[in-house]
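The structure under discussion appears below in the form of structure tokens.
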Number of protein chains: 2
Amino acid sequence: MHLSLVQLAKPVLHGYFRSSCSWRVRIAFALKGVEFDQVPVNLIKDGGQQLTEQYKTLNPMQQVPAVEIDGITLSQSLAVIQYIDETRPGPRLLPADPKKRAQVRMISDLIASGIQPLQNLYVIQKMGAEKMQWAQHFIDRGFQGWRVSSTSQSSRYVTLSHLSPPALEPILKETSGTYCVDDEISMADICLVPQVYNAERFKVDLEKYPTIKRLNQTLREIEAFRVSHPSCQPDTPEELRG
Amino acid sequence: MHLSLVQLAKPVLHGYFRSSCSWRVRIAFALKGVEFDQVPVNLIKDGGQQLTEQYKTLNPMQQVPAVEIDGITLSQSLAVIQYIDETRPGPRLLPADPKKRAQVRMISDLIASGIQPLQNLYVIQKMGAEKMQWAQHFIDRGFQGWRVSSTSQSSRYVTLSHLSPPALEPILKETSGTYCVDDEISMADICLVPQVYNAERFKVDLEKYPTIKRLNQTLREIEAFRVSHPSCQPDTPEELRG
């Protein structure tokens, strides 16, 4: 087997310390024991450095994370994580059993498609003064589904709060062991921890979600989740370091 | 190898004729030649039949599609599609090469996480009178990224239109052959066609996206995409049949 120079080069992650999608990729590299370089892209400074011409050339989507790996540039964190899993040795990030794999992907997609896009920076910036309320609403809806009673003051949030599809807590109650799916760390755990971090930033009450809370507490102790945490990245501002 | 009764039973798709995520699953079944039963869930009637107690028991997420297959119930269309691909014979829905697989997942996730969630029924219902504008904005942003100049009259759409991350058209320009990635139909194509159908419903001008338009035209001629079309499902209302 030939290894080209490009495959021997370290992957480069263009990310942002606080982006939950960037954090997912950092966890995956850490779990696999893959060394990588980080190029910080500041989503706030100068109106968003991801909009500069240089970054546009690299990533036509101007979205973090973008990963240069094996001679290609990939975006979309779940695509990157599964590529890392399929091409690198180390612990599996998806189980071998197809049904368990499907459960891992269902939980990952629920977070990546059903919750995160509705509370990300770009969308909540559109919401102006309502942004905290909007983010809380969509995180609660994703965590608990129809059982959430909205505490919002605004009628449009209250009125529609019963129309709430995905529900992470009841699913995890069924699938989890020590981790999201049984007792093996997987892509689902990689998605869960950054989503809970976002929930905390938006002051969502985690006491309502005992399974999510328990899993998050267990996972946060693990080395790969600690070293990749937003509080200790190269671009973490001094005042947020912990 | 033992096949249990549950594996021999036909899968059951709980879906809605016009839900793009339900359509994705119908295309996957059709491409694989898998027979399945459909149980329609009306997202509009009676305030949304997916909110009934019966459906809640089946799918704690109250979101279509939910698929009963091989004794388990799965939601999240990409998880379902990959489960079908990994457990059923017939044409591959993801390429064998890891880099190509990553491109297919990147395009699929861009649509499933970066575009569809921001223009789905639940979110646009929150937008009231602005719903057409909101949906167009997020579809244009997803198709073209930063090159789109918003035609919106509302300042919050114009002001932020430069902050536009994903970009399907430039990616497909690079990856496509006859189909989204080279010359093999994949999960990326399964995601593309229903997203273009949504774009048309929200009166997005497709002339701006020549690659998307070309691929969609080619794919729409294919049997699996035709038989699964929203215009000819068991729950399609008479006036929308075509």
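Key figures
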| item | result |
| --- | --- |
| Count - residues of region B:171-203 that are touching a residue at least 24 places away in the same chain (Cβ under 8 Å) and in contact with an Asp or Glu (Cβ under 6 Å, 6 or more places away or on another chain) | 2 |
| Residue in region B:75-83 that is over 16 Å from the mean Cα position of the chain (by Cα), at the interface with another protein chain (Cβ under 10 Å from one of its Cβ atoms) and at pLDDT below 90 present | no |
| Subset tally (residues that are of a type in the set (A, V, I, L, M) and either farther than 29 Å from B:E86 by Cβ or more than 9 Å from chain B (Cβ to nearest Cβ) (or both)) for region A:100-114 | 1 |
| Check on A:E130, under 29 Å from A:P95 (Cβ atoms), at pLDDT 75 or above and more than 21 Å from the chain's Cα centre (by Cα) | no |
| Whichever residue in region B:121-132 is out of contact with any Lys or Arg (no Cβ under 8 Å at 6 or more places or on another chain) and in contact (Cβ under 8 Å) with a residue 12 or more places away in the chain and, among such residues, is nearest to the other protein chains (Cβ to nearest Cβ) | B:L121 |
| Among (1) in contact with a helix residue (DSSP H, G or I) (Cβ under 9 Å, 6 or more places away or on another chain); (2) under 24 Å from B:W23 (Cα atoms); (3) at pLDDT 75 or above - the single one B:Y122 does not satisfy | (3) |
| Residue check, B:E223 under 14 Å from the mean Cα position of the chain (by Cα) and loosely packed, with under 14 Cβ neighbours inside 10 Å | no |
| Hey, A:L43 at pLDDT below 80, crowded, with 19+ Cβ neighbours inside 10 Å and aliphatic (A, V, I, L, M) or not | yes |
| The listed residue being surrounded by 19 or more Cβ atoms within 10 Å (Cβ to Cβ), more than 9 Å from chain B (Cβ to nearest Cβ), more than 20 Å from B:D109 (Cα to Cα) and at pLDDT 90 or above, out of A:A96, A:A135 | A:A135 |
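Residues checked against (1) under 20 Å from B:N42 (Cβ atoms); (2) buried (at least 22 other Cβ atoms within 10 Å of the Cβ); (3) among the aromatic types (F, W, Y):
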| residue | (1), (2), (3) |
| --- | --- |
| B:T175 | no, no, no |
| B:V181 | no, yes, no |
| B:I190 | no, yes, no |
| B:P194 | yes, yes, no |
| B:R201 | yes, no, no |
| B:D205 | no, no, no |
| B:T236 | yes, no, no |
| B:E239 | yes, no, no |
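To keep it simple, each residue is scored yes or no on (1) hydroxyl-bearing (S, T, Y); (2) in contact with a Phe, Trp or Tyr (Cβ under 9 Å, 6 or more places away or on another chain); (3) modelled with pLDDT under 95.
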| site | (1), (2), (3) |
| --- | --- |
| A:D182 | no, no, no |
| A:M187 | no, no, no |
| A:Q195 | no, yes, no |
| A:R201 | no, no, yes |
| A:Q217 | no, no, no |
| A:H229 | no, yes, no |
| A:C232 | no, yes, no |
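The values are calculated or read from the model by the stated rules, or taken from the named source; none is laboratory data. The shown structure was predicted, so the numbers you read here are calculated from the model rather than taken from an experiment. Here Cβ is always computed from backbone atoms with ideal geometry, including for glycine, and neighbour counts include all displayed protein chains.
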